[in-house]
Each structure stands twice: as C-alpha cells, then as structure tokens.
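Here's the structure we're looking at; comments come further down.
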Amino acid sequence: GLVDVLIPRGGAGLIRAVVDGSTVPVIETGTGNCHVYVDADADVDQAVTILLNAKTQRPSVCNAAETLLVHRDIAADFLPKLLPAMQEKHVRLLGDEATRAIIPVEAATEEDWRTEYLDYVLSIRVVDSLEAAIAHINRYGSHHTDCIVTRDDAAAKAFLTRVDSAGVYRNVSTRFADGFVYG
C-alpha cells in the first residue's frame, strides 16, 4: 500500500528481477546497447577522448558505449590511436574483419553487435558510410543513447534526425545521458 509503481534503473539483470518479482506495476526501462560512430570527418583526438569516457568512465551502466562504428576513410588513422588508450584501461576489444586488418583484436560475432556488456568490452565495426552506421545502430541498438563524432554539420544532422534512439548526440560521450546530468 505504500508503493504505487516501480521504475528500475540499471542493468538488464536488475530490471528483469524487479519485473519478475514485483507485486506492484513496473515501468520497465530499457537496456543500453549504446554506440559511438566516428565519422570520416571526425577529430581523431576528440574521438579517442569521447570513447574513453563513454566506455571506461563507468562501464557497468546502461549509457556506457558498447559498440564503436568507424568510417572506413578514417579507420586506419583512428584505430591505431585508440588501441593504446583502450589497452591502458584494460578494455577487451572485439572487431570485424576490417578492424582486425588494422589493429590486433579478437573476432567479433553477430551476437556482439546486440550485446550490452556492462564491462570493459567493446565491439568495433568499420562501416563504409554514414548510412551504414545509421542502419547498424537502428538494427542492433537498444534505442537508448548513440553519438556521432564529426566536424561535418550535414553528417551530424543526418545522424541526429535518422538514428531512432532516446538520446542522440554529437561530439559528446554517451555517458551524458543521465537523469542527473539532464537536470
């Protein structure tokens, strides 16, 4: 009689436990398979900084980045700069064939694109275009929070209007998506 509704915030396990065990109504929040897309016209140093925060600042939360998408035109410059930063933070990297041709990482599987790791694990895919990045996010993402890193206003506008997620950002960490930060 004291609680009218529960709104669990946290990982998939917590949310499932509350939904399954509650005797009052529950507003089920989603999990976070969040993406950072590094566009062909990204500032490489800025992208490394954003990704470090998005993945390592607090990896066990729903707004931590789980998948990195990198435009093919910048991948050979960006990925070798990202690798030591992620290794320093002990992030396990998984990549598609194109990623593995540039940096030494483990092979990613189809399931990795859908996974909310909630840990120091990041899947990486090299994409041929902005359109391919948007299609990947809309197919595999959880519609929580996604970010584009770019200096290109037209690319940013396309990403911000076509990615179907609750929070869609330009040049900031996915960790920005937090009730306390919004306020």
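Residues of the stretch 113-132 that are open to solvent by less than 30 Å² (accessible area, probe 1.4 Å) and within 12 Å of the chain's Cα centre (by Cα): 113, 121, 122, 123, 124.
The residues on offer are 125, 151, and the sole one that is touching a residue at least 60 places away in the same chain (Cβ under 8 Å) and outside any helix (DSSP H, G or I) is 151.
Looking at 166, 107, just one residue is among the aliphatic types (A, V, I, L, M), over 21 Å from residue 44 (Cβ atoms), open to solvent by 10 Å² or more (accessible area, probe 1.4 Å) and under 14 Å from the mean Cα position of the chain (by Cα), and that residue is 166.
On the basis of being at pLDDT 95 or above and open to solvent by 60 Å² or more (accessible area, probe 1.4 Å), does residue 9 make the cut?
On the way: at pLDDT 95 or above: no; open to solvent by 60 Å² or more (accessible area, probe 1.4 Å): yes.
Considered against the rule, which asks whether it is at pLDDT 95 or above and open to solvent by 60 Å² or more (accessible area, probe 1.4 Å), residue 9 comes out as no.
Among the residues making up the stretch 48-76, those that are over 10 Å from residue 36 (Cβ atoms) and in contact with a Gly (Cβ under 9 Å, 6 or more places away or on another chain) are 60, 61, 62, 63, 64. Scanning the stretch 49-81 for residues that are within 12 Å of the chain's Cα centre (by Cα) and assigned to a helix (DSSP H, G or I), we see that the one that is surrounded by the most Cβ atoms within 10 Å (Cβ to Cβ) is 55. Would you say residue 93 is part of a strand (DSSP E or B), open to solvent by less than 10 Å² (accessible area, probe 1.4 Å), free of Cβ contacts under 8 Å to residues at least 60 places away in the same chain and under 23 Å from residue 145 (Cα atoms)? So residue 93 does not fit the description; no. Look at residue 132 and say whether it is part of a helix (DSSP H, G or I) and in contact with an Asp or Glu (Cβ under 7 Å, 6 or more places away or on another chain). No; evaluated as a whole, the condition is false for this residue.
Restricting 97, 110 to those that are under 19 Å from residue 73 (Cα atoms) and out of contact with any Leu (no Cβ under 9 Å at 6 or more places or on another chain) reduces the list to 97.
The values are calculated or read from the model by the stated rules, or taken from the named source; none is laboratory data. Computed from a predicted structure; not experimentally measured. Positions of Cβ are backbone-derived with ideal geometry, glycine not excepted, and every protein chain shown enters the neighbour counts. Just so you know, the surface numbers come from the protein's heavy atoms only, side chains and all, with ligands and any DNA or RNA stripped out. Shrake-Rupley method; radii C 1.70, N 1.55, O 1.52, S 1.80 Å.
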